[in-house]
Amino acid sequence: MSMPVSHITVRVPLTIRRRPGRRTMVSLPFDSEGGRIATKADPALVKALARAFRYQKLLHEGRYASISEMAAAEKIERGYLGALLRLTLLAPDLVEAILNGRQPEGVTLPRLLEGVPAGWGEQRATFPWASVAAGLLPAL
């Protein structure tokens, strides 16, 4: 007894991007209706977050005894390093939204370096878009 053969076609929207020395496939973000979502990740902000978490890791590993020692070794201003390290205190959904390019136009690196509330709840109240972008709150 043979089973009828049926075919399924699956379409996955991808783009192929050339990176130095390699090609990578990148899936495009889509909303629930299937429409493409435009992202606008701020490269300076993403880079600052990456550096902040790297510097935090170096401190936790004990490679540097203090922020002053790290600033001297990394050849950056101590105050700027301290401000960068404060970015590691951002709520996870805020960081995720920024990395996914879901932050509003006004959220820039200088704005975040000015300071944000320490508590995650206060941060979410200050930046309600982050919880919506991360799917923690329904969109209004």
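Among the residues of the stretch 118-125, is any charged (D, E, K, R), touching a Lys or Arg at 6+ places or on another chain (Cβ under 9 Å), in a helix (DSSP H, G or I) and at pLDDT below 90? Spell out how you get there, then give the answer.
First, pick out the residues of the stretch 118-125 that are charged (D, E, K, R): 122, 124.
In the following step, the residues that additionally are touching a Lys or Arg at 6+ places or on another chain (Cβ under 9 Å) were identified as none.
Among the residues of the stretch 118-125, not one is charged (D, E, K, R), touching a Lys or Arg at 6+ places or on another chain (Cβ under 9 Å), in a helix (DSSP H, G or I) and at pLDDT below 90, which makes the answer no.
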Legend entry - Any pair with Cβ under 8 angstrom, 6 or more apart, that starts in the stretch 102-120 at a residue that is free of Cβ contacts under 8 Å to residues at least 40 places away in the same chain and ends at one that is surrounded by 12 or more Cβ atoms within 10 Å (Cβ to Cβ) and in a loop (DSSP other than H, G, I, E, B): V116/L90; V116/F127; W120/A91
Inset, instruction - Return only the number of the condition from (1) of a type outside the set (S, T, Y); (2) buried (at least 16 other Cβ atoms within 10 Å of the Cβ); (3) out of contact with any helix residue (DSSP H, G or I) (no Cβ under 6 Å at 6 or more places or on another chain) that A125 does not satisfy. - result: (2)
Inset, instruction - Go through the stretch 66-121 and give me each residue that's within 22 Å of A41 (Cβ to Cβ), loosely packed, with under 14 Cβ neighbours inside 10 Å and among the acidic types (D, E). - result: E105, E114
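Here's the yes/no breakdown for (1) part of a helix (DSSP H, G or I); (2) basic (K, R); (3) at pLDDT 90 or above; (4) under 30 Å from P128 (Cβ atoms):
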residue: M25; (1), (2), (3), (4): no, no, no, no
residue: S32; (1), (2), (3), (4): no, no, no, yes
residue: A38; (1), (2), (3), (4): no, no, no, yes
residue: L49; (1), (2), (3), (4): yes, no, yes, yes
residue: Y55; (1), (2), (3), (4): yes, no, yes, yes
residue: A71; (1), (2), (3), (4): yes, no, yes, no
residue: L94; (1), (2), (3), (4): yes, no, no, yes
residue: I98; (1), (2), (3), (4): yes, no, no, yes
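The values are calculated or read from the model by the stated rules, or taken from the named source; none is laboratory data. All values reported here derive from a predicted model rather than from experimental measurement. Methodologically, a virtual Cβ is constructed for each residue, glycine included, from the backbone with ideal geometry; neighbour enumeration extends over all protein chains shown.
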